[in-house]
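Encoded as structure tokens, the structure appears first; notes follow it.
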Amino acid sequence: MKKLVNPWKDVEGYFCFGCAPQNPSGLQMEFYEDGDEIVSYWKPERRYQGWLNTLHGGIQAVMLDEISAWAIIRKLQTTGVTSKMETRYLKPVHTTDKQLTLRASIREQRRNIVIVDATLYNEAGEECTKAVCTYFTFSPEKAQQEMFFYHCKSEDEE
């Protein structure tokens, strides 16, 4: 498994709620490449709870959307915007878990429409939340022109 380098980490004004390491209110997610999948490990915190000791569903959706976007960034070397997201909450996610695991992979690509499957697992490895995210992607040239994209590498490619 290879850790991915966040290509925006030193870009002025970058403050993504999902993955900016300098956003103290954000999730500060990090990503790894494991074959066809992008993986993230995250420790839940009480400040992100909805109900008592339960991770807020909106936070779960943010994490699934974020890892899906990173699947596109790494695997297709471009970026895009979420156009649709279907989320299924299968069982509660506890803020008392030591670590959550998220996995995402590209299911389908049709021109500039990409469908990504993402799953959030609890500490016991049980599927808790699943999402199917549909993205409208930019051509790599358009993404670069609009400053939305910087080449995504793993640590061993730097």
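I'd like to know which of 101, 40, 136 lies farthest towards the positive end of the charge dipole of segment 33-151, counting +1 on Cβ of Lys and Arg and -1 on Cβ of Asp and Glu.
136
Round to a whole angstrom and tell me the spacing of the C-alpha centers of segment 8-25 and segment 71-130.
So the two Cα centres are separated by 20 Å.
Which one is right for this structure if Cα extents along the principal axes in Å is calculated from it: (1) 48, 36, 32; (2) 69, 36, 34; (3) 46, 32, 27?
It is the one labelled (3).
Using amide H atoms built in the peptide plane, which far-off residues or other-chain residues are under 5 Å from residue 30 H to H?
Hits under the 5 Å cutoff: 41.
Would you mind telling me which residue in 81, 39, 11 has the biggest mean-square fluctuation in a Gaussian network model of the chain, where springs connect alpha carbons within a distance under 10 angstrom?
Of 81, 39, 11, the Gaussian network model singles out 11 as fluctuating most.
Using Cα springs under 10 Å in a Gaussian network model of the chain, which residue among 12, 86, 141 shows the largest mean-square fluctuation?
Residue with maximal mean-square fluctuation among 12, 86, 141: 12.
Determine the gain in length on full extension of the stretch residue 22-residue 47; use 0.36 nm per residue of separation and subtract their C-alpha separation, reporting nm with one decimal.
Net length gain for the segment: 7.3 nm.
Using a simple spin-label model with points 7 Å from Cα along the Cα→Cβ vector, what separation in nm is obtained for residue 139 and residue 107?
2.8
Let me have the 222 nm mean residue ellipticity of the chain computed from DSSP H runs of 4+ only, each contributing -39500 (n - 2.57), with the sum over all residues rounded to the nearest 500.
About -5000 deg cm²/dmol.
On a 0 to 90 degree scale, rounded to 10, what angle separates helix 57-76 from the longest Cα axis of the chain?
30
Put 110, 88 in order of accessible area, largest first, 1.4 Å probe: what do you get?
88, 110
Please calculate how many Å² of accessible area segment 12-158 carries per residue, with a 1.4 Å probe and no DNA, RNA or ligand atoms counted. Can you show the working numbers first?
Details: 7950 Å² over 147 residues.
That works out to 54 Å² for each residue.
What FRET efficiency, computed as 1/(1 + (r/R0)^6) with R0 = 41 Å and r the Cβ-Cβ distance, is obtained for residue 86 and residue 157, rounded to the nearest 0.05?
Efficiency, from the Cβ-Cβ distance: 0.80.
Treating only the Cβ atoms of Lys and Arg (+1) and Asp and Glu (-1) as charged, compute the dipole magnitude of the chain about its Cα centre; round to the nearest 20 debye.
The calculated dipole for the chain is roughly 440 debye.
The values are calculated or read from the model by the stated rules, or taken from the named source; none is laboratory data. These numbers come from a predicted model, not from an experiment. Here the Cβ is made from the backbone with ideal geometry for all residues, glycine too, and neighbour counts use every protein chain on show. Quick note on the areas: whole protein, heavy atoms, side chains included, nothing else; ligands and nucleic acids left out. Shrake-Rupley method; radii C 1.70, N 1.55, O 1.52, S 1.80 Å.
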